[in-house]
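Notes follow once the structure below has been shown.
The values are calculated or read from the model by the stated rules, or taken from the named source; none is laboratory data. It should be emphasised that the depicted structure is a prediction, and the values quoted were computed from it without experimental measurement. Heads up, the Cβs are rebuilt from the backbone with ideal geometry, glycines too, and the neighbour counts pull from every protein chain shown. Side chains are part of the model used for accessible areas, which takes the heavy atoms of the whole protein and leaves out ligands, DNA and RNA. Shrake-Rupley method; radii C 1.70, N 1.55, O 1.52, S 1.80 Å.
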Amino acid sequence: MDEFDFLRHEKLTDRLSVVRESFGPCLTFNIYVVIGDHNVAVVDSGLGATGGLRRYIETYITRKAPMVCYMTHVHLDHFGGAILFDEAYLNHREYHRVPWDLNVERRFSDLAKFCGGNQEILDFCREHYLQNENVKYKDVVDGDVVDLGGVTLQAIELPGHSAGSVAYYNREENYALVGDAIQYFGSFIRCRDFAEALRCLNRFIAMMPEDIVLYNGHEPVHRTLAMANDLRTAFEDLLAGRTEGDEPFPAQFAYLPPEDKFMKRMSHKVGSVMVPYDANVLEQRAKESRA
Ligand SMILES: [Fe+2]
Ligand SMILES: [Fe+2]
């Protein structure tokens with residue numbers, strides 16, 4: 001077994017490629033690589049269950065330049081490899097989650113799900129996983145423009161899936177890297193401020209051209225504004241309490257943040273998205289608005 005066994009890549013444009021990290025058939029982690037004239041941006045960094053990501057990228061990009069990692073958010077499948085890069089950027093609203101998502105037993109509990117309990121993979125990753133405690137994150141906030149030389153990425157906040165989720169927009173090449181903020185599981189399970197999530201999503205949709213290409217954190221194909229519009233409708237439904245017929249949504253992983261045990265997990269489906277949410281938060285909101 002080799003660290004590169006879990007990685008493959010695909011060229012998307014002249015300057016953009018995706019590394020797909022996978023430990024089994026059920027889930028893939030998309031890591032986007034944007035090549036500028038003087039810097040390379042790596043957007044998200046996978047699970048960090050092995051240490052091979054940067055070396056893998058260096059096998060196929062010819063430009064030797066500093067590599068800077070920009071996280072869309074802090075879930076463990078997005079920032080595990082951050083320590084491999086020359087700098088690491090993360091929105092400050094995600095900082096509080098870092099210790100929880102670095103918990104080694106939690107990471108391996110999730111990895112066991114991702115690899116279907118494959119003991120050979122688990123043993124290999126126990127030997128090769130990245131220790132990430134000492135990463136010094138720099139803040140990235142809405143409106144920041146990352147100039148890589150000949151290509152720029154604009155940070156746009158998209159809270160909902162997590163409090164500090166950030167998308168990176170490349171105006172010249174007409175795409176946005178949206179992490180988990182816009183995908184089938186357009187989750188805002190831990191979101192406390194639904195109105196803010198909807199406001200930011202509305203603003204994002206208004207900023208994007210009609211034909212924008214959306215690349216997200218897990219799916220094998222790109223998406224369009226149609227998915228963002230479905231997500232907006234789902235958010236509007238939830239805010240308005242239109243939740244009749246919604247189904248319970250089971251917790252997927254054994255290790256969950258302590259606050260999760262108080263959740264009432266439900267899911268709301270609209271078109272191309274299914275949004276898990278905490279019904280207790282919605283009920284609390286309804287009470288507050290009646291008061
Ligand atoms: Fe996530
Ligand atoms: Fe994710």
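With Cβ to Cβ distances under 10 Å as the rule, what net charge do the other residues near ASN202 carry (K, R +1; D, E -1)?
Details: positive: ARG199, ARG203, ARG232; negative: GLU236.
So the environment of ASN202 carries a net charge of +2.
With springs only between Cα atoms under 10 Å apart, run a GNM on the chain and tell me which of THR59, THR50, THR152 wobbles the most.
It is THR59.
Amide H of GLU87: which non-local residues (sequence gap of 5 or more, or other chain) have their own amide H closer than 5 Å, using H built in the peptide plane?
For GLU87, the qualifying residues are CYS69.
Over segment 161-241, what is the relative contact order in whole percent, taking alpha-carbon pairs under 8 Å and six or more residues apart?
Numbers: 100 pairs, mean separation 25.4, N = 81.
Across segment 161-241, relative contact order equals 31 percent.
Place a +1 charge on the Cβ of each Lys and Arg in the chain and a -1 charge on the Cβ of each Asp and Glu, then give the dipole magnitude about the Cα centre in debye, rounded to the nearest 20.
Details: 31 positive and 44 negative charges, 85 e Å.
The dipole magnitude comes to about 400 debye.
Using only alpha carbon pairs under 8 Å that are at least six residues apart, calculate the relative contact order of the chain and give it in whole percent. Intermediate results must be reported in sequence, preceding the final value.
Numbers: 588 pairs, mean separation 40.5, N = 291.
Relative contact order here is 14 percent.
When the chain is modelled as a GNM with alpha-carbon springs shorter than 10 Å, which of GLU210, GLU259, GLU21 fluctuates the most?
GLU259
Which lysines, if any, have their Cα less than 22 Å from the Cα of LYS64, not counting same-chain residues under 8 positions apart?
Leaving aside lysines fewer than 8 places away in the same chain, those within reach of LYS64 are LYS11.
Under a Cβ-only charge scheme (Lys and Arg +1, Asp and Glu -1), can you give me the dipole magnitude of segment 23-109 about the Cα centre, in debye to the nearest 20? Could the numbers behind the result be given before it?
Numbers: 8 positive and 9 negative charges, 20 e Å.
The calculated dipole for segment 23-109 is roughly 100 debye.
Decide, for segment 131-262, between rounded, prolate and oblate: order the square roots of the alpha carbon gyration tensor eigenvalues as a ≥ b ≥ c, take rounded if a/c falls under 1.5, and otherwise choose prolate if a/b is larger than b/c, else oblate.
Oblate.
Which one of TYR32, GLY52, PHE194 is farthest out on the positive end of the charge dipole of the chain, using unit charges on Cβ (Lys, Arg +1; Asp, Glu -1) and the Cα centre as origin?
Going by the charge dipole, the pick is PHE194.
Please report how far the C-alpha centroid of segment 30-75 lies from that of segment 192-226, rounded to the nearest whole angstrom.
Using only Cα atoms to place each centre, the spacing works out to 23 Å.
Summing +1 for each Lys or Arg and -1 for each Asp or Glu, what net charge is found among the other residues whose Cβ lies under 12 Å from the Cβ of ASN39?
Working: positive: ARG15, ARG63, LYS64; negative: ASP37, ASP86, GLU87, ASP147.
Around ASN39, the charge tally is -1.
Report, to the nearest whole %, how much of the accessible area of segment 160-244 belongs to carbon and sulfur atoms, 1.4 Å probe, protein only. Don't skip to the answer; put the middle values down first.
Numbers: 1690 of 3300 Å².
Solvent-exposed carbon and sulfur of segment 160-244 make up 51 percent of the total.
For the chain, with a Gaussian network of springs between Cα atoms less than 10 Å apart, report the residue from ALA88, ALA41, ALA240 with the top mean-square fluctuation.
Result for the chain, Cα springs under 10 Å: ALA240 fluctuates most.
Using the Cβ atoms and a cut-off under 13 Å, what net charge is assigned to the surroundings of GLU127, where Lys and Arg are +1 and Asp and Glu are -1? Mind dumping the intermediate values first?
Details: positive: ARG126; negative: ASP2, GLU3, GLU120, ASP123.
It works out to a net charge of -3.
For a test of the definition: using alpha carbon positions, the gyration tensor, and the 1.5 limit on a/c, classify the chain as rounded, prolate or oblate.
Working: a/c = 1.81, a/b = 1.26, b/c = 1.44.
Oblate, because a/c is 1.5 or more while a/b does not exceed b/c.
Under 5 Å between amide H atoms, partner at least 5 residues away or on a different chain: which partners does GLY160 have, H built in plane at 1.01 Å?
Residues meeting the criterion, in which the H sits 1.01 Å from N, are SER165.
Would you mind working out the accessible area per residue for segment 116-171, using a 1.4 Å probe, and quoting it in Å²? All intermediate terms of the calculation are to be shown ahead of the outcome.
Working: 2530 Å² over 56 residues.
Normalised by residue count, the accessible surface of segment 116-171 is 45 Å².
222 nm [θ] for the chain, helices only, -39500 (n - 2.57) per DSSP H run of 4+, per residue, to 500? Could the numbers behind the result be given before it?
Values: 8 runs with 80 residues, N = 291.
The per-residue figure over the chain is -8000 deg cm²/dmol.
Of the DSSP beta bridges with both residues in the chain, give the percent that are antiparallel, rounding to the nearest 5. Can you show the working numbers first?
Details: 35 of 49 bridges.
Bridges in the chain are about 70 percent antiparallel.
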